[in-house]
1. Just name the residue that is farthest from ligand 2 (Cβ to nearest atom) out of those in segment 184-202 that are assigned to a helix (DSSP H, G or I) and surrounded by 24 or more Cβ atoms within 10 Å (Cβ to Cβ).
2. Pull up segment 252-295, narrow it to residues that are at positive phi and under 18 Å from the mean Cα position of the chain (by Cα), then point me to the one that is surrounded by the most Cβ atoms within 10 Å (Cβ to Cβ).
3. Filter segment 144-183 down to the residues that are assigned to a loop (DSSP other than H, G, I, E, B), of a type in the set (Ser, Thr, Tyr) and within 18 Å of the chain's Cα centre (by Cα) and list them by number.
4. For segment 213-251, give me each residue that is more than 16 Å from the chain's Cα centre (by Cα), within 15 Å of ligand 1 (Cβ to nearest atom) and not small (Gly, Ala, Ser).
5. Regarding segment 158-176, can at least one residue be identified that is open to solvent by 10 Å² or more (accessible area, probe 1.4 Å), under 22 Å from Val128 (Cα atoms) and touching a residue at least 24 places away in the same chain (Cβ under 8 Å)?
6. What's the total number of residues in segment 218-235 that are buried (at least 22 other Cβ atoms within 10 Å of the Cβ) and of a type outside the set (Val, Ile, Thr)?
7. Report, by residue number, each residue of segment 197-220 that is closer than 12 Å to Val175 by Cβ and touching a residue at least 60 places away in the same chain (Cβ under 8 Å).
Amino acid sequence: MAYRWKPDLTRADVTSEALFLNRRQMITALGAGAIMGALGTRTFAQGTDLTPNTYEEITSYNNYYEFGTGKDDPARYADALTTSPWSVKIDGLVDNPGVFSIGDILAKMTIEERIYRFRCVEAWSMVVPWNGFEFADLLSMVGVQSSAKYVAFETALRPDEMPGVAYRVLDWPYVEGLRLDEAMHPLTILATGIYGKPIPNQNGAPLRLVVPWKYGFKSIKSIVRITLTDSEPATSWNKAGPNEYGFYSNVNPEVDHPRWSQATERAIGGGFFAKRQPTLMFNGYDEVASLYDGMDLAKNF
Ligand SMILES: Nc1nc2c(c(=O)[nH]1)N[C@H]1C(S)=C(S)[C@@H](COP(=O)(O)O)O[C@H]1N2
Ligand SMILES: [Mo]
């Protein structure tokens with residue numbers, strides 16, 4: 001294996017751009033300066049031993065169809081999205097449902113920095129140093145009821161700010177979902193930053209999911225609603241193409257997309273003619289394999 005997931009990276013391993021986690025800057029930008037003191041101190045990095053992509057690469061080659069289907073559309077148009085104030089409705093099978101501001105959420109959270117090898121279904125990959133917190137921490141804040149089996153996520157829908165939603169390429173708003181045990185896995189995070197800066201709009205400001213063992217489209221951006229449910233939630237890409245995109249969408253080199261191979265990937269930043277590299281099962285995050293014990297992952301794609 002050419003790379004591996006490494007739980008023992010130190011902060012020095014990931015500070016190549018000397019920008020990493022300026023927490024004060026991030027929180028202030030989110031309009032939550034007052035809560036600084038409430039933040040925990042659990043700050044460490046986990047990730048791959050691959051070199052992170054540059055900030056420029058991460059913020060200029062994006063998928064965010066609400067702003068257009070071109071890879072450069074989000075960088076061009078996503079500035080129009082108003083991300084402050086922002087609130088997230090958390091409802092369904094939870095003990096403490098409510099509408100929470102980003103400040104409310106961060107006040108209860110510790111911030112972690114991680115590097116994830118992140119990729120998209122078009123078989124390209126990037127290494128992103130995310131700032132964020134475990135999604136499981138948010139779940140414990142609201143108290144998950146024992147009948148809950150799934151988590152449904154929804155993106156903002158703002159026709160005035162999102163030129164792409166005028167086109168019915170997807171059924172808006174963008175929605176995604178995870179099984180509860182996937183959502184609780186420590187690799188599932190809510191990201192608030194990249195390289196220690198507030199997450200740019202094109203990457204899903206102010207709060208986006210990151211599920212690094214799944215194809216990129218599972219990592220829903222600019223979340224406004226999180227609902228705990230007892231049945232499998234609908235997902236945007238599954239609705240758009242049920243035989244192309246399943247609910248699970250685990251990175252799996254053995255299951256090709258009907259229109260392209262998923263056995264190899266092109267690492268962004270290696271140059272367009274850089275050699276493609278083999279794609280690893282679960283994107284190399286072998287520790288999630290036990291979540292799928294006994295499941296046929298060719299059927300549950
Ligand atoms: N709301 C929303 N979230 C989204 C998308 C989108 O179009 N809308 N695209 C998905 C896809 S297909 C990918 S590959 C990733 C891309 O994330 P990035 O631009 O930060 O690399 O975002 C995912 N989240
Ligand atoms: Mo994607």
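The values are calculated or read from the model by the stated rules, or taken from the named source; none is laboratory data. This one's a predicted model, so the numbers in the text were calculated from it and none came from an experiment. Reconstructed Cβ throughout: ideal geometry from the backbone, glycine too, with neighbour counts over all protein chains shown. Keep in mind that these areas ignore ligands, DNA and RNA; they rest on the heavy atoms of the full protein, side chains included. Shrake-Rupley method; radii C 1.70, N 1.55, O 1.52, S 1.80 Å.
1. That would be Asn201.
2. Going through segment 252-295, the residues at positive phi turn out to be 269, 271, 282-284, 294.
If we keep only those that are under 18 Å from the mean Cα position of the chain (by Cα) as well, we get 282-284.
Working: Phe282: 20, Asn283: 26, Gly284: 18.
Across segment 252-295, the extreme among qualifying residues is Asn283.
3. Tyr174 - this is the single residue of segment 144-183 that is assigned to a loop (DSSP other than H, G, I, E, B), of a type in the set (Ser, Thr, Tyr) and within 18 Å of the chain's Cα centre (by Cα).
4. Result: Pro233, Asn238, Lys239, Glu244, Tyr245.
5. So the first thing to find is which residues in segment 158-176 are open to solvent by 10 Å² or more (accessible area, probe 1.4 Å), and the list is 158-161, 163, 165-169, 171-175.
Among the residues that remain, those that are also under 22 Å from Val128 (Cα atoms) are: none.
The answer is no, given that none of the residues of segment 158-176 is open to solvent by 10 Å² or more (accessible area, probe 1.4 Å), under 22 Å from Val128 (Cα atoms) and touching a residue at least 24 places away in the same chain (Cβ under 8 Å).
6. Going through segment 218-235 one residue at a time, the tally reaches 5.
7. Hits for segment 197-220 are Leu209, Phe217, Ile220.
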